[in-house]
Structure formats: structure tokens, C-alpha cells
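Input: a single structure, listed below in C-alpha cells.
The values are calculated or read from the model by the stated rules, or taken from the named source; none is laboratory data. A quick note: this is a predicted structure, and the numbers were derived from the prediction, not measured. Here the Cβ is made from the backbone with ideal geometry for all residues, glycine too, and neighbour counts use every protein chain on show. Calculation scope for accessible area: heavy atoms of the full protein, side chains included, ligands and nucleic acids excluded. Shrake-Rupley method; radii C 1.70, N 1.55, O 1.52, S 1.80 Å.
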Amino acid sequence: MELYDVTIIGGGPSGLYSAFYSGMRDLKTKIIEFHPQLGGKVNIFLEKMLWDVGGQQPIQGENFLKNLIKQAMTFEPTVCLNTKVTNVERADDHFIITTQAGETHYSKTIIIAIGGGIYEPIKLEIEGAEKYEMANLHYTINGKERFRNKELLISGGGNAAIDWAVELLPITRKMTVIYRSEELKAHESQINKLRDAGVEILLNTEIQTLNSNANKTKIENVDVCHNGETRTLSMDEVLICHGYNREVSLHFDEAIAPKQNEKELFESIGQCQTTTPGIFAVGDTVAYADKVYLLVGTFNDAVLAVNSAKKYIEPDANSYAMVSSHNERFHEKNQKLYAEIHS
Ligand SMILES: Cc1cc2nc3c(=O)[nH]c(=O)nc-3n(C[C@H](O)[C@H](O)[C@H](O)COP(=O)(O)OP(=O)(O)OC[C@H]3O[C@@H](n4cnc5c(N)ncnc54)[C@H](O)[C@@H]3O)c2cc1C
């Protein structure tokens, strides 16, 4: 049995910064993440420009995430991807964490960093649609350039769909937006930008069939149902923004279940400690007065939770980590970095 000091459930921003800080406090650390990649919800807005992260010049989500992951790996935590945690129970002086695949992980403390749970885009319920996901069917944008000079069909009428439409408008050759309801649900000002640019917006319209090209490698055109009639739309790329499904799969044995509020957020009794000793919560999944549900808030929570975990494991430890200039964990790394700067 390999026992960790800290196991972080969830590899989003709060989990990643917890992993870094946990290493800074010399704690043996593991991150468990359901998705095949780290980053949590930032993966939804990789192209977005972030202006509100302290100490950062405007930075795209993708680059912000690269930095965050690199920092999280500073002290080489163990990382388990594609792993869904389903249950936590206590055994003597540690916790047993069980995954959907039936594996078990052992840890003295747990940091819950699950955000709002596992987010996955709502996909088209059209048989065989998944085979086009490697070609020209998209549920998120991983690089705007592939849409340059293309004819783009966007399905969706909420903020995500319309924001993407506005963002991609300057580089696409032609754009059509379809939505199943009678009116778009996004911000008026954004909708007006599309209208002013003459974008075709078809309401009461839903995708019926994805028609493939001759060798069935990509979608050639799309049949939609528009006001009850079938219409064929030409396109090069299809972007589906139908929202996200949220799944909360994490359960605790009744005897150790931390208290959750009516929104299923874990209540902090101070310093990001839950009502169960040894279990801490950070980021979008924790609730306390004046909590900030933004990236900056996740970092503050991570520091509080890790310091609490350190004190839980070693009651005589300092309440806070040494700042980086005086922290032994950075001594050797700093020598290397200074040498690089001066070479
Ligand atoms: C569209 C959008 C735009 C945003 N823009 C900004 C912005 O401009 N500035 C800003 O500061 N904030 C922004 N935010 C908010 C910011 O993204 C969140 O505050 C932040 O991602 C919260 O991080 P987190 O780690 O707590 O949760 P998440 O990012 O949700 O990460 C949680 C992770 O836990 C994993 N997980 C969940 N359950 C399990 C399980 N049982 N087992 C294993 N893994 C599990 C999930 O797969 C996920 O990777 C935005 C959010 C959205 C949705």
C-alpha cells in the first residue's frame, strides 16, 4: 500500500495549484483527474483572452493552462488521468479512495477540487456523428485558425454559441447560426453584432442529418429542420454549442461525509477545512462567506487547504510555507535558474 500525504481529487486550476503548494510544503502528493488531460474548465475556453488573473498580462487560456500545469509539476506529483473517483472511506488513520475502475488509492488527507463535477459537452444525438469529431465536427474551439476562410455552421443560441460566432466572424468566409428555439438566449449586444454583419440566423431550426462526403471522412453538408421543413445547408465546419452535462460521481461513506449546502458545495469551517477532519475543499466546489468563484479564488483556497492539511498531518508544523526566497525547496532550483540568467 503506497500512502500519500495529500490526494487531490480533480485536476482543474484549484487542484493544480494545490499540487504545487503541497510540494512546496514537502508533502507527498497525488492528483486524480477524470479527463485524459489536466486543466478542468479552462479546457472549455482555451482560446479566450484572460485579463483578470493576478500578475499576468492578458494571456490566452491555452498558455495560462500550460504555465499552470508546468508549475503544478514542479515537485513531481503523481498524476492519474482518465480516473474517476467514486468513493471515499476512512480506515484507521487514512482514507481509501476508490475509482470507477475499482482501483484503490491511500492518503492521509484529501483535497476535493472537483469544481462543479465532471463537465462534458452535450453531443449531437445522431447515429455515427462521433466519427466526424476528428474531422469537421467540433464541440469546442482548439485553435481559431482552422476556421479561417471557411464556411461555418454554428448550432446553439446561448452565450457560448454567440460569443464564438462573434469571435470567429472576422476570419470566416461565411457563417450561419441555427437555434432550435424562437429566440436566441445570448446577450443582446453580441446578437446585434451578428445581425449587423448580416450573419444568417435561422431560428426554429435543428440539425437532422450530417451528410458525409464520398469517402465518408467528413461532413459535406447538413440537413436541418427549419420551421418544419427540411433544408440543406452548405458548410466546411460545424460547431455545436448545446451546453454541458454535469455529473457528480464522488460519494463519501456516510460516517465521514463532509457537510454540503443546498447547492451541493462543501461547506468550509475555516481555512478550507470541511466538516470532516482530514478532508479539505478548494475552488468552485467549496462554500464560505465571500468566496470568489474565479481563477484567483482557486489559488487562495489551495494555499489555505494545503496549509491546513500540513497542520493536520504534522500538528507542530508552521501554519504557512516559507516564502520562495527563504524556502529550502527552491534553493537548488534557484541556483540553476540564476546560473541560466547570468550565462
Ligand atoms: C466559459 C467559462 C469562462 C470562464 N472565464 C473565466 C475568466 O475569464 N476568469 C476567471 O478567473 N475565471 C473564469 N471562469 C471560472 C474558472 O474557470 C473556474 O473558477 C475554475 O476553473 C475553477 O477551477 P476548479 O479547479 O475549482 O474546477 P474545474 O475547473 O471545474 O476543475 C474540476 C476538475 O475536477 C475533475 N473531476 C470532477 N469530479 C471528478 C471525479 N469524481 N474524479 C476525478 N476528477 C473529477 C473535473 O474533470 C475537472 O477537471 C470561467 C468559467 C467558464 C465555464
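Taking only Cα atoms, what is the 0 to 90° angle, nearest 10, from helix 328-342's long axis to the longest principal axis of the chain? With both axes taken from Cα atoms, the answer is about 60 degrees.
Of the residues 313, 286, 343, the one whose Cα sits farthest towards the positive end of the charge dipole of the chain is 343 (charges of +1 on Lys and Arg Cβ, -1 on Asp and Glu Cβ, taken about the Cα centre).
Taking all Cα pairs closer than 8 Å and separated by 6 or more residues, the relative contact order of segment 267-314 comes to 38 percent. Residue 146 sits with roughly 100 Å² accessible to a 1.4 Å probe, with DNA, RNA and ligands left out of the calculation.
Dipole of the chain computed with +1 at Lys/Arg Cβ and -1 at Asp/Glu Cβ about the Cα centre; of 7, 323, 249, farthest Cα towards the positive end is 323. Rolling a 1.4 Å probe over the protein heavy atoms leaves residue 1 with an accessible area of roughly 150 Å². What the pair-distance distribution of the chain shows, using all Cα-Cα distances binned every 20 Å from zero, is 27, 47, 25, 1 percent.
Give the relative contact order (percent, whole number) for segment 123-242; include only Cα pairs under 8 Å separated by 6+ residues. Mind dumping the intermediate values first?
Numbers: 237 pairs, mean separation 40.1, N = 120.
Once normalised by length, the contact order is 33 percent.
Amide H contacts of residue 90: 96, each under 5 Å away and 5 or more positions distant or on a separate chain (H built 1.01 Å from N in the peptide plane; Pro and chain starts excluded). Note on segment 123-242: semi-axes of the ellipsoid equivalent to its C-alpha gyration tensor, largest first and rounded to whole Å, are 21, 17, 12. Relative to the longest principal axis of the Cα atoms of the chain, the long axis of helix 13-24 lies at roughly 30 degrees.
How high is the relative contact order of the chain, given as a whole-number percent (alpha carbon pairs under 8 Å, six or more residues apart)? Write down the numbers at each step before the final one.
On the way: 696 pairs, mean separation 64.2, N = 343.
Contact order relative to length: 19 percent.
Springs between Cα atoms under 10 Å define the GNM used for the chain, and in it the highest mean-square fluctuation of 186, 19, 161 occurs at 186.
Probe of 1.4 angstrom, ligands and nucleic acids ignored: what's the accessible area per residue over the chain, in square angstrom?
Values: 17880 Å² over 343 residues.
I get 52 Å² per residue for this part.
For the options 174, 108, 84, a Gaussian network treatment of the chain with springs between C-alpha atoms closer than 10 Å singles out 174 as fluctuating the most. The lysines within cross-link reach of residue 131, meaning a Cα-to-Cα straight distance under 28 Å and a gap of 8 or more places when in the same chain, are 41, 48, 84, 123, 144, 150, 174, 216, 218. Compare 39, 243, 115 in a GNM of the chain, Cα atoms joined below 10 Å, and give the one with the largest fluctuation. Greatest mean-square fluctuation among the candidates belongs to 243. To the nearest ten degrees, helix 159-168 and the longest principal axis of the Cα atoms of the chain are 70 degrees apart. Extension gain, residue 87-residue 214: 0.36 nm per intervening residue step, less the Cα-Cα distance, totals 40.9 nm.
Under the convention that each Lys and Arg Cβ holds +1 and each Asp and Glu Cβ holds -1, the size of the dipole of the chain around its Cα centre is about 760 debye.
Dipole magnitude of segment 123-242 about its Cα centre, charges +1 at Lys/Arg Cβ and -1 at Asp/Glu Cβ only, in debye to the nearest 20? Could the numbers behind the result be given before it?
On the way: 15 positive and 19 negative charges, 77 e Å.
For this selection, approximately 380 debye.
For segment 112-170, the Cβ-based charge dipole about the Cα centre amounts to some 220 debye (Lys, Arg positive; Asp, Glu negative; other atoms uncharged).
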